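Below is one structure, written out as structure tokens; comments come after it.
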Amino acid sequence: MDLHLAVNDLRHRVSTLEANTMSGMPKTTVAERFDSLHDRMDIVGTNVLDAVSKLRSDTIKNLVDVHQQIGHVALRLDKVYLRLDQHDGRFNDLESAMDEKFGKVDKDIAELKTDVGELKTDVGELKTDVGELKTGVGELKTGFGELKSMLISLGAKAPES
């Protein structure tokens, strides 16, 4: 029976609390106050959920925009890579042409070196020939001098001009 009395006492206290007003909210019962707090919490929760939902949709929209921009950048990069490949091909062609021209120049220089070597040999031979000619001319002078002396000794006179 004690338990039954305790339960009845608690019920009476709860109904008295529910019927009484609390400070801060005049003429409002505790039950109305809790209902009001629950309503406010529902409104706050709804506002938070709406804000989260809006943030989510804005974020998704921004991500879609960024994805599209990245797609445009990727296309532009592909074009840049294509142009770079074209330039690379041109540079390879230019390098091949320059290598070919340098090869020709190297060949021409080698031929010139050979020709200069042959010219040096020819000049050396010419110097030898000129030396021999000088010797021959010297011998002729000596011979003419001797011939002149002999002619003078025989009484020859120089012709009058």
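Throughout, read-outs are computed from the coordinates displayed, never taken from laboratory work. Quick caveat: nothing in here was measured; it's all calculated off a predicted structure. No Cβ is skipped: glycine too gets one built from the backbone with ideal geometry, and neighbour counts run over all protein chains shown.
Between residue 64 and residue 86, the modelled label-to-label distance comes to 3.5 nm, taking each label 7 Å out from Cα in the direction of the beta carbon. Amide H contacts of residue 29: none lie under 5 Å away among residues 5 or more positions distant or on a separate chain (H built 1.01 Å from N in the peptide plane; Pro and chain starts excluded). Placing a pseudo-label 7 Å from each Cα along the Cα-to-Cβ vector at residue 139 and residue 106 gives an inter-label distance of 5.1 nm. Relative to the dominant Cα principal axis of the chain, helix 30-153 is inclined by about 0°. Partner aspartates and glutamates whose Cα lies under 19 Å from the Cα of residue 127, excluding those fewer than 8 positions away in the same chain, are identified as 115, 118, 139.
Helix-only estimate, please: 222 nm mean residue ellipticity of the chain, summing -39500 (n - 2.57) across DSSP H runs of length 4 or more and dividing by its residues, to the nearest 500.
Rounded to the nearest 500, the figure is -33500 deg cm²/dmol.
Computed from Cα atoms, the angle from the helix 2-19 axis to the main principal axis of the chain rounds to 70 degrees.
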